[in-house]
Structures are given as C-alpha cells and as structure tokens.
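Engineer: Take this structure, written in structure tokens, and hold onto it; I'll ask about it next.
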Amino acid sequence: MTSPSRLPVLAGLPLAVGSGLAIPVQGRINGALGARLGDGIAAAAVSFSTGLLVMILVSLLLPRGRAGLASILPAVRSRAFPRIYLLAGAIGALFVFAQSFTVGILGVALFTVATVTGQTVSGLLVDRLGIGPAGKKSVTGIRIIGCLLTIAAVAWAVSPRFSSGGSGEGPAGLLLPLLLPVAAGFLMSFQQAMNGTATVHYGTPIAATLVNFVAGCIVLWAALAIKLAVAGPGNPLPAEWWYYLGGPMGCVFIGLGALLVRSLGVLVTGLGMIAGQLLGSLALDLALPAPGSVVAPATVLGTLLTLGAIVLATLPWPRGALRRQRPVR
C-alpha cells in the first residue's frame, strides 16, 4: 500500500476551491435533468450511475486505478478502517435527497446557508475528534472566527435570492424542512473524513470514489424502485449528452476531497469547496444566468468575504501562517 503524499496548504487549498467549482455546475445539470424527467430521485439515480460508470472505467484503465481496485477487499477484510466507512457514499445520496425534497420549500438560498452551517460546524468537530487522516486539530479561536465569518459571508452572498425562492411559509413551517439540509451538510464532513481515511489504506482516491458511487447508487436505486412502485415512471431519458455530465463532475469533487483531507484537514477542505461553490455559482449566473438568478453587489462582496474567511481559518493562532499548527495529542 502506497499512501498518497501530503500537499502543502498553498497547493491544496486552491485544489479544494477548484473542486468546489464543479458543485454548482453539477447542481444546474441535475436540476435540469430532474425537471426534464419530472422526477428528482430518478435524476439523482442517473447522475450517480453515470458517475459510477466513469469510476469503473478509470479503475480498470489506469494502473493506479487497478492497484486501488485490488486493495479494496484486503483493506476491508483486515479491518484497516471501520467498515461503516464503506457507506460514506450514502451521505452523498442523503444530500441529493435533501436537494430534491427541500429546495422547493426553502429556496436555493436558505438551502445553501443550511448546508454550509451544518458542514462548517461538523468540520470543526471532525477535526477535533481526529476522525480524518490528518489527525486531531485544535479548535482555536481563529478557526472558530473563520467558521462564523464563513457562515455569515455565505448568508450575505445568497441574500439577494431570499425573496426569489421558497414557499413563503413562516418560520414555524420552515423549521422541519431546514433540519434535513442542516443534517446533510453536517454529515458531509464525516463523509470527507471517511473517504480520506479509506484513501490512505487504498493508496489512491480513485478506489474511495468508486466505493462512494457504489454505495450511493444502491441507496438511490432502492429509493427509485419504491417511488416507481408507488407513483410509476416519469418522463423518458433525454437524448442530449450534457444531461449526463453531473455524475462525472461528482467524481471530481469527491475524489479531490478524499485526497485533500489528509493534507488540509476536514474543516479547511470543506471551507475551500464552499468558496469554490460560491465562485462557480457567481460565474454561472454571470455567463449562463438561469431564470430568477440574481447577481447583486452582496453576491460579489459575500463571495470575496468567504474567501477571506477561509484564508483566516487556515492560519494557526496566534503566530500567523508561517508556522505549522501542531496536532492535538
């Protein structure tokens, strides 16, 4: 087994931001596919299935992929990591469920703030517990400030959309729908930690990403089978090729996330992806605006503030960025 090498923060953080750029593109594609099919669960199942096909091909064609494929069963049999880590892909399926069932109620803006809040809080917790391959990291004052600033910046960036989405229900009616995206976001940090640990034992993020898509497909196809038995099929699959790019984009940010948590830790990896998600959303709204999209000064300034908050969260307290933060023992 050859563990992936650690990357310096200056190299890893831009990769985390870059991987986050794929998230809004994937969301736009999957949303269009769901509208075309008239079925959000079917769209998610198609997206995961195309991602699984890509990972199977990568695993079979690349020498690194074949080596990782051969290491999966030995790592599982030897209990190199808890076997529940094999179910990390089910968390991705839960996130897709949350999108399918709550975005129409909450609106995109409130959904984004809910998931970012859950992911940011759990990133601190996962790093403190040392669940990921980077080991334990102290919950310093600068990291807490960076997390709070990130949540506030994301809320500011998406605030122009608050009035353009959602069902118009009062706070009491939104409480229960809010819990699902908060829970999905909270579990995403655990997913990244589980994938990162598995990557260390597989020797490559290719194998960890493949296992993720297998688990996610099992959950989504089971849910789709129940839905078909109850409500019947939706519209036929479209012929346009671009509807099927959501899954391959998922391969990018799941694989990079599994690789980067060993170097950056779960919190900073997640914050970097959040920054990439906001930058990608901003670029999409400027280049290919969707109906109802809003690009206001708050969108731009909130995105820039998010980048600043993430840089702040990477600095150790109190001596600055030039010294490495010591892990908690």
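The values are calculated or read from the model by the stated rules, or taken from the named source; none is laboratory data. Since the structure is predicted, the reported quantities are computational estimates derived from the model, not experimental observations. Using ideal geometry, Cβ is built from the backbone for each residue, glycine included, and neighbour counts are taken over all protein chains shown. Areas reflect the complete protein model, heavy atoms only, side chains present, ligands, DNA and RNA absent. Shrake-Rupley method; radii C 1.70, N 1.55, O 1.52, S 1.80 Å.
Engineer: Among the residues of region 136-148, are any open to solvent by 20 Å² or more (accessible area, probe 1.4 Å), at pLDDT 85 or above and closer than 22 Å to Ala298 by Cα?
Structural biologist: Yes: one or more hits.
Engineer: For region 251-273, name all the residues that are open to solvent by less than 20 Å² (accessible area, probe 1.4 Å) and hydrophobic (A, V, I, L, M, F, W, C).
Structural biologist: Once the filter is applied, which keeps residues that are open to solvent by less than 20 Å² (accessible area, probe 1.4 Å) and hydrophobic (A, V, I, L, M, F, W, C), region 251-273 yields Cys251, Ala258, Leu260, Val261, Leu264, Val266, Leu267, Val268, Leu271, Met273.
Engineer: May I ask you to say which residue of Pro63, Pro14 is open to solvent by 60 Å² or more (accessible area, probe 1.4 Å) and modelled with pLDDT of 90 or more?
Structural biologist: Numbers: Pro14 fails: modelled with pLDDT of 90 or more.
From the options Pro63, Pro14, the qualifying one is Pro63.
Engineer: Turning to a different aspect of this structure: Mind checking whether some residue in region 72-94 is crowded, with 19+ Cβ neighbours inside 10 Å and polar (S, T, N, Q)?
Structural biologist: Taking every residue of region 72-94 in turn, none turns out to be crowded, with 19+ Cβ neighbours inside 10 Å and polar (S, T, N, Q).
Engineer: Please state which one of Ala239, Ala222 is among the hydrophobic types (A, V, I, L, M, F, W, C), over 26 Å from Leu129 (Cα atoms) and not in a helix (DSSP H, G or I). Steps first, please.
Structural biologist: Details: Ala222 fails: not in a helix (DSSP H, G or I).
Matching residue, one of Ala239, Ala222: Ala239.
Engineer: Any residue at all in region 228-250 that's within 14 Å of the chain's Cα centre (by Cα), modelled with pLDDT under 85 and open to solvent by 40 Å² or more (accessible area, probe 1.4 Å)?
Structural biologist: The answer is no, given that none of the residues of region 228-250 is within 14 Å of the chain's Cα centre (by Cα), modelled with pLDDT under 85 and open to solvent by 40 Å² or more (accessible area, probe 1.4 Å).
Engineer: Is it the case, given these coordinates, that Val295 is among the β-branched types (Val, Ile, Thr) and not in a helix (DSSP H, G or I)? Let's see the steps before the verdict.
Structural biologist: Values: among the β-branched types (Val, Ile, Thr): yes; not in a helix (DSSP H, G or I): yes.
Considered against the rule, which asks whether it is among the β-branched types (Val, Ile, Thr) and not in a helix (DSSP H, G or I), Val295 comes out as yes.
Engineer: Can you pull out the residues in region 280-302 that are open to solvent by less than 80 Å² (accessible area, probe 1.4 Å), more than 16 Å from Arg28 (Cα to Cα) and modelled with pLDDT of 80 or more?
Structural biologist: Once the filter is applied, which keeps residues that are open to solvent by less than 80 Å² (accessible area, probe 1.4 Å), more than 16 Å from Arg28 (Cα to Cα) and modelled with pLDDT of 80 or more, region 280-302 yields Ala298, Val300, Gly302.
Engineer: Would you check which residues across region 124-151 are more than 23 Å from Gln277 (Cβ to Cβ) and in a helix (DSSP H, G or I) and list them?
Structural biologist: Matches in region 124-151: Arg128, Leu129, Gly141.
Engineer: Give the residue that is farthest from Leu220 (Cα to Cα), with candidates limited to residues of region 31-75 that are without any contact (Cβ under 8 Å) to a residue 24 or more places away in the chain and more than 24 Å from the chain's Cα centre (by Cα).
Structural biologist: Pro63
Matching residues to (1) within 30 Å of Ala153 (Cα to Cα); (2) without any contact (Cβ under 8 Å) to a residue 40 or more places away in the chain:
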site: Cys217; (1), (2): no, no
site: Leu228; (1), (2): no, yes
site: Trp241; (1), (2): no, yes
site: Phe253; (1), (2): yes, no
site: Met273; (1), (2): yes, no
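Engineer: Within region 169-186, can you find the residues that are buried (at least 21 other Cβ atoms within 10 Å of the Cβ) and either over 14 Å from Leu94 (Cβ atoms) or modelled with pLDDT of 90 or more (or both)?
Structural biologist: Listed by number, the residues that qualify are Pro177, Phe186.
Engineer: Still on this structure, please answer the following. Are there any pairs, at least 6 apart or on different chains, whose C-beta atoms fall under 6 Å, with the first in region 199-212 and open to solvent by less than 10 Å² (accessible area, probe 1.4 Å) and the second of a type in the set (Val, Ile, Thr) and assigned to a loop (DSSP other than H, G, I, E, B), and if so, which?
Structural biologist: Qualifying pairs under 6 Å: Gly203/Thr2.
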